[in-house]
1. So which residues in the stretch 114-131 are open to solvent by less than 50 Å² (accessible area, probe 1.4 Å) and polar (S, T, N, Q)?
2. Kindly provide the set of residues from the stretch 115-129 that are part of a helix (DSSP H, G or I) and in contact with a helix residue (DSSP H, G or I) (Cβ under 7 Å, 6 or more places away or on another chain), ordered by number.
3. I'm told residue 78 meets every condition in (1) under 26 Å from residue 32 (Cα atoms); (2) open to solvent by 50 Å² or more (accessible area, probe 1.4 Å); (3) part of a helix (DSSP H, G or I) except one. Can you identify the failing condition by its number?
4. Just to be sure before I move on: is residue 101 in contact with a Lys or Arg (Cβ under 8 Å, 6 or more places away or on another chain) and in contact (Cβ under 8 Å) with a residue 12 or more places away in the chain in the structure I sent?
5. Could you identify the single residue in 21, 41 that is modelled with pLDDT of 90 or more and under 19 Å from residue 73 (Cα atoms)?
6. Would you confirm, using the coordinates I've provided, whether residue 22 is surrounded by 13 or more Cβ atoms within 10 Å (Cβ to Cβ), in contact with a strand residue (DSSP E or B) (Cβ under 8 Å, 6 or more places away or on another chain) and either over 20 Å from residue 80 (Cα atoms) or not hydrophobic (A, V, I, L, M, F, W, C) (or both)?
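The values are calculated or read from the model by the stated rules, or taken from the named source; none is laboratory data. What you see is a predicted model, and the numbers here were worked out from it, not measured in a lab. We place every Cβ from the backbone using ideal geometry, glycine too, and count neighbours over all the protein chains shown. Heads up: the accessible areas ignore ligands, DNA and RNA and are worked out on the full protein's heavy atoms, side chains in. Shrake-Rupley method; radii C 1.70, N 1.55, O 1.52, S 1.80 Å.
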Amino acid sequence: MAKQPAKCSLRFEPVKLDSIFNILDGISWLDEPNIQDIAQFSGIDPRTAGKAIKNCILIGVVKDISTNYYVLTIPYPYKGSLENKKAVLKEAVFKMPLMENIRQFLKLGDSLETAVRKAATVQKISNYEKAAIAPLIKWATQLGALSLSISEEDFIEEGIQIKAERLKSTGNNKVV
């Protein structure tokens, strides 16, 4: 019997970006939710919820605090607009060490495919498979997190701008 080749040490599940926002909303509203709670809140299949949560853990926006209970690791605007939510996820994806390395190789003139492979090697991802990283690259592209024209300082400026807009619309109301 032939030995199966080892799988890529980093594997993202193919899940639509929109379902991630439903998952993050569910986690932000629920107290110590499990996958079934999050799936029910979000109105999606538990298997899809599990895949989306796995991706969120890999990105670093969700943490498994005990056996299948989840919390957010970043400030998330559950009452915010879709644009606010996308901005938060874009920043998280942008700051991933793998993404940082991909942008570095892109700046050196490598193609996206070559940059991803090299960045995976730098990040010690063993048994690299293009398909295993492809869902992350798709999200990063949709969010604009692979853009070579943005920097971490841009996220600070954007956050200040969003806060100023929120203060205009909420007036003296307290935001907790």
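1. Narrowing the stretch 114-131 to residues open to solvent by less than 50 Å² (accessible area, probe 1.4 Å): 114-116, 119-120, 125.
Correct list: 114 only.
2. Result: 115, 116, 118, 119, 120, 122.
3. That leaves (3) as the condition not met.
4. Values: in contact with a Lys or Arg (Cβ under 8 Å, 6 or more places away or on another chain): yes; in contact (Cβ under 8 Å) with a residue 12 or more places away in the chain: yes.
Taking the combined requirement at face value, the residue satisfies it.
5. Working: 41 fails: under 19 Å from residue 73 (Cα atoms).
After applying the criteria, what remains is 21.
6. On the way: surrounded by 13 or more Cβ atoms within 10 Å (Cβ to Cβ): yes; in contact with a strand residue (DSSP E or B) (Cβ under 8 Å, 6 or more places away or on another chain): no; either over 20 Å from residue 80 (Cα atoms) or not hydrophobic (A, V, I, L, M, F, W, C) (or both): yes.
No: the conditions fail for residue 22.
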